[in-house]
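For reference, the structure discussed in these notes is given below.
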Amino acid sequence: MGENEMSVLFNEAQDLIDKIVKPLGSEKMNITESSGRWLSDSAASKCDNPRETVSAMDGWAVDHQLLIDATRNEPVILQTGDPTYAEDKRKSIDGDVCAWVATGAQIPRGATAIVPWEKVVREEDGRIAFSECPKRGEYFRVKGEDVNVGDMVALKGCRLSYWAIQALISCDIESVEVSKMPRVALIANGNELVLPGSKKQGVKCGNLQAIGQIVKEQGGNVVYSELVEDDLESLSKAVSEAKNKADFVITLGGAADGERDYAKRAFVENGGEIIFDKIAMQPGGPSFLTSLSEGVIGLGISGNPLSSLVVFELLGIQIMRLMVGAKRYRPLHTNAMLDEALIWKSKKEGFLPGRFASYNPVKVINVQPNGSHRVSGLSDTEFLIRLPAETNEFSRNSEIEVLSWDK
C-alpha cells in the first residue's frame, strides 16, 4: 500500500479491479451484426473446411500415373474433357484425358493430381502436353484439412475482429454468444468548463468526447454523458441518475481531497464503497475506485486532459474488458529503447504518452512535456511509457517499458 491504507500502487490498483469487477452476462447475436463484440462462449465450426476436396489452383486435373514417363523432350499429350468450375457438381474423367479445373472446384472422379496451367503447353489441336509427373494429391485441398465440424474457430473472450468474422462465416456460424455491452456513464464537472460548440467563455471540456471515444472503441455504449456544476448536490444527483442507467460510472474532475473536490463524496452519498482513494502514479494520482449496488463500478479521475486519458487508458479499459470477459484484460508490456534522454523527478511511477521513433531497432520518445494540464503532443500518442519511481534520468538508448492494448 501507499501513503495510507486506501492509497495503492499501480499494480495493486490493477489487482483490486480484477477482484471486484464481474462479467455482465451474455446475449445471442447474428454474426452479421456482431463486429467488435466479445465472445462469451467459444464458437465451433458447423462444417468442414473445405467442404469437399477441391482444387487449390487453376490447372489440369489428371491421373498422375499417365504422366510417369513425361519429360521436356518427350512430353505426354492428353485429350481434354469437360471443365469444372466452382459452381459445378462433381464430374469424372476416364482414359487418357485431362480436364480443366478452376480454383475451389471439386476434383473430378479419376483425377489424382492437379497440374498448374503454367506448367503445361497447349498444342495447336487443343490437346495438353505435360513435361513432368506430379505427386499424387498435388494441389488438392482435402476435405476438412483446415477445419472439421466441431473444431473451435474462435475462443471465449476474444473480440470479433474482421479476421474472426471471416473465419466464423466461412465455417457456417450464423449466430454467436457475445458479452453484453458495458453501459457507461460519463460525468464531467468544473465551473470553468464549457462544452464544445458553446458560446460561453471558458475552458473547453474534451474529456466527455475523448473518453467516450475510448468507450466505443472498446465495445461499450455511452448511455449518459453530462457536464455538471462543481458542487456536491449537482454531482451527487448526476451519480444517482447515472448508476441507474449504467454498469460503469466515471467522474472526470473533483477526484482529489480538496475543499471543492466532491466526486468521492458524491459516490459515498449514493452508497458507494471506496476500494482505494488514490494511486501512487503520475499523472493521475488522485484517482479512486468505488463499488456501488448491483455490481455497478465507479471510477473517479482527475479532470486534467492527460490525467484522465492516462488513467482511463490503463484502468478504465481494464474494467471494461473484465465486464465483457475478455481473455486479455491488462495492457501489453514490451521493452524498447529511448531515442532521447528523459528526466523523471518523482517519487511515484510515471506514465507518459509516447510514440515510435524507429521500428528496427525499436526506439521510442516521449511526446508530451511534464504537466497533466498540457495537450501538446497528445495527437502523436501511440502508447504509454512506464517509468519507475525515484529514477532521475534516463539516458538515450536506456531500456524502458511500454504499455499498449491489443486491438
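The values are calculated or read from the model by the stated rules, or taken from the named source; none is laboratory data. The shown structure was predicted, so the numbers you read here are calculated from the model rather than taken from an experiment. Every residue, glycine among them, receives a Cβ derived from its backbone with ideal geometry; neighbour counts consider all protein chains shown.
Here are the numbers for this structure:
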| quantity | calculated |
| --- | --- |
| Only one of V239, V324, V296, V228 that is of a type in the set (V, I, T), touching a helix residue (DSSP H, G or I) at 6+ places or on another chain (Cβ under 6 Å) and under 24 Å from G157 (Cβ atoms) | V296 |
| R355 at pLDDT 95 or above and either outside the structural domain of E229 (by TED's automatic domain parsing) or within 27 Å of Q218 (Cα to Cα) (or both) | yes |
| Subset of the range 23-52 that is out of contact with any helix residue (DSSP H, G or I) (no Cβ under 8 Å at 6 or more places or on another chain), of a type in the set (S, T, N, Q) and surrounded by 16 or more Cβ atoms within 10 Å (Cβ to Cβ) - its residue that is nearest to R136 (Cα to Cα) | S45 |
| Positions within the range 120-168 being part of a strand (DSSP E or B) and closer than 13 Å to W38 by Cα, in sequence order | A154, R159 |
| Candidates I400, I385, I365 - the one that is touching a strand residue (DSSP E or B) at 6+ places or on another chain (Cβ under 9 Å), more than 22 Å from L315 (Cβ to Cβ) and part of a strand (DSSP E or B) | I365 |
| Among (1) within 19 Å of V310 (Cβ to Cβ); (2) modelled with pLDDT of 95 or more; (3) surrounded by 16 or more Cβ atoms within 10 Å (Cβ to Cβ); (4) in contact with a Pro (Cβ under 8 Å, 6 or more places away or on another chain) - the single one S179 does not satisfy | (1) |
| Members of the range 59-83 found to be surrounded by fewer than 17 Cβ atoms within 10 Å (Cβ to Cβ) and either touching a strand residue (DSSP E or B) at 6+ places or on another chain (Cβ under 7 Å) or not hydroxyl-bearing (S, T, Y) (or both), listed by number | Q65, I68, D69, R72, N73, E74, I77, Q79, T80, D82, P83 |
| Sole exception among (1) touching an Asp or Glu at 6+ places or on another chain (Cβ under 9 Å); (2) without any contact (Cβ under 8 Å) to a residue 60 or more places away in the chain; (3) of a type in the set (S, T, Y) for Y85, by number | (1) |
| Test: K216 is in contact with a Leu (Cβ under 8 Å, 6 or more places away or on another chain), surrounded by fewer than 18 Cβ atoms within 10 Å (Cβ to Cβ) and basic (K, R) | no |
| Single residue of A164, A129 found to be touching a Cys at 6+ places or on another chain (Cβ under 7 Å), not assigned by TED's automatic domain parsing to the domain that holds S236 and not hydroxyl-bearing (S, T, Y) | A164 |
| Which numbered condition R265 fails, given (1) charged (D, E, K, R); (2) within 21 Å of G190 (Cα to Cα); (3) surrounded by 23 or more Cβ atoms within 10 Å (Cβ to Cβ) | (3) |
| Some residue of the range 324-347 being in a helix (DSSP H, G or I) and surrounded by 12 or more Cβ atoms within 10 Å (Cβ to Cβ) | no |
| Residue that is within 21 Å of L208 (Cβ to Cβ) and either assigned by TED's automatic domain parsing to the domain that holds S236 or more than 28 Å from the chain's Cα centre (by Cα) (or both), where the choices are S293, S308 | S308 |
| Within the range 350-407, considering residues that are under 30 Å from Y162 (Cβ atoms) and among the polar types (S, T, N, Q), the one surrounded by the fewest Cβ atoms within 10 Å (Cβ to Cβ) | N360 |
| Selected residue (only one of L155, L160 is surrounded by 14 or more Cβ atoms within 10 Å (Cβ to Cβ) and within 30 Å of N30 (Cβ to Cβ)) | L160 |
| Residue in the range 64-82 that is nearest to the chain's Cα centre (by Cα), counting only those that are in a loop (DSSP other than H, G, I, E, B), farther than 17 Å from T112 by Cβ and in contact (Cβ under 8 Å) with a residue 12 or more places away in the chain | D82 |
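Table: residues versus (1) hydrophobic (A, V, I, L, M, F, W, C); (2) modelled with pLDDT under 95; (3) under 15 Å from N304 (Cα atoms).
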{"position": "N370", "(1), (2), (3)": "no, yes, yes"}
{"position": "H373", "(1), (2), (3)": "no, yes, yes"}
{"position": "S379", "(1), (2), (3)": "no, yes, no"}
{"position": "F383", "(1), (2), (3)": "yes, no, no"}
{"position": "F394", "(1), (2), (3)": "yes, yes, no"}
{"position": "S404", "(1), (2), (3)": "no, no, no"}
